[in-house]
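To keep things clear, I will list the structure first and then write my remarks on it.
The values are calculated or read from the model by the stated rules, or taken from the named source; none is laboratory data. The structure displayed is predicted, hence computed values, not measured ones. Positions of Cβ are backbone-derived with ideal geometry, glycine not excepted, and every protein chain shown enters the neighbour counts. Please note that ligands, DNA and RNA were not included when accessible areas were found on the heavy atoms of the full protein model with its side chains. Shrake-Rupley method; radii C 1.70, N 1.55, O 1.52, S 1.80 Å.
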Amino acid sequence: MTIEIDIWSDIACPWCYLGKKRLEEAVAASGEDVAIRYRSFQLDPSAVKGANRPHSEALAEKFNTTADRIKEMNVRLETLGAEAGIEYRFDQYMTANTRDAHRLLHLAHSLGLGPVLKDRLMKAQFTEGALMDDAETLVRLAVEAGLPEADARRVLSSDEFEDAVAADVAQAAAYGANGVPFFVFDSRFAISGAQPTETFAMALAKAREARDAEDAPVA
């Protein structure tokens with residue numbers, strides 16, 4: 001039976017990208033059949049749409065440090081990312097309000113393309129320096145992921161899926177998730193953070209054991 005994995009993450013979160021890749025590596029090695037659904041979470045829901053700033057500058061202000069210090073800290077992420085097949089380009093990364101991107105992800109889920117769009121958006125954010133609150137950029141990325149252009153434009157020109165985004169955020173709070181990435185396996189147990197691939201492998205094994213125990217005949 002398929003193991004269901006709900007993942008709360010933000011397109012703007014580099015640790016979410018790393019956790020995504022590590023989970024995918026664990027799934028591939030396990031051979032398990034999984035169904036992944038990406039849930040909405042915003043690290044900075046108050047970000048002003050269109051007021052894009054360099055990543056290092058924005059974080060330096062947030063944590064009361066210098067942009068050079070942030071760049072030094074990002075070196076570790078770049079190394080970890082490279083090990084997982086991610087090319088982080090923090091020199092190009094611009095901050096953005098990700099609400100519209102999350103609404104598009106709900107559209108993608110309804111079309112069976114959630115993971116495909118998630119991957120495209122994160123590569124655009126972290127490797128290509130795309131502005132993730134620019135409507136034309138989002139439409140282009142959605143089309144590249146296989147979504148109909150007309151549907152993407154309809155969503156972005158309306159408030160469609162706003163309720164779905166809010167519901168995801170509320171569910172994360174109900175789970176006690178104060179940060180992301182946050183992974184929930186079969187609605188049974190959760191893992192927080194971009195854990196090592198081995199940790200995700202153990203979680204998959206635990207989920208499979210629970211499924212097998214349910215299906216075992218009663219003596």
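Rolling a 1.4 Å probe across the protein heavy atoms gives the range 1-150 an accessible surface of 46 Å² per residue. For the chain, the mean residue ellipticity at 222 nm estimated from helices alone is -17000 deg cm²/dmol, where every DSSP H run of n ≥ 4 contributes -39500 (n - 2.57) and the total is divided by all residues, rounded to the nearest 500.
For the peptides 10-23, 134-147, 55-68, the ranking by packing is 10-23, 134-147, 55-68, with the highest mean count of neighbouring Cβ atoms within 10 Å listed first. Label point of M1 set 7 angstrom out along Cα-Cβ; within the range 184-216, amide nitrogens under 13 Å from it belong to 186-188, 207-216. Non-local lysine pairs in the chain, meaning eight or more places apart or on different chains, with alpha-carbon distances under 18 Å, amount to 6.
Residues with beta-carbon under 11 Å from that of T199, excluding T199: net charge, scoring Lys, Arg +1 and Asp, Glu -1? Value of the local net charge: +1. Measuring nothing but how far apart in sequence close Cα pairs (under 8 Å, 6+ apart) lie, relative to its length, the range 34-105 scores a relative contact order of 45 percent.
Report for the chain the percent antiparallel among DSSP-assigned beta bridges with both residues inside it, nearest 5.
Once the DSSP bridges in the chain are tallied, antiparallel ones form about 55 percent.
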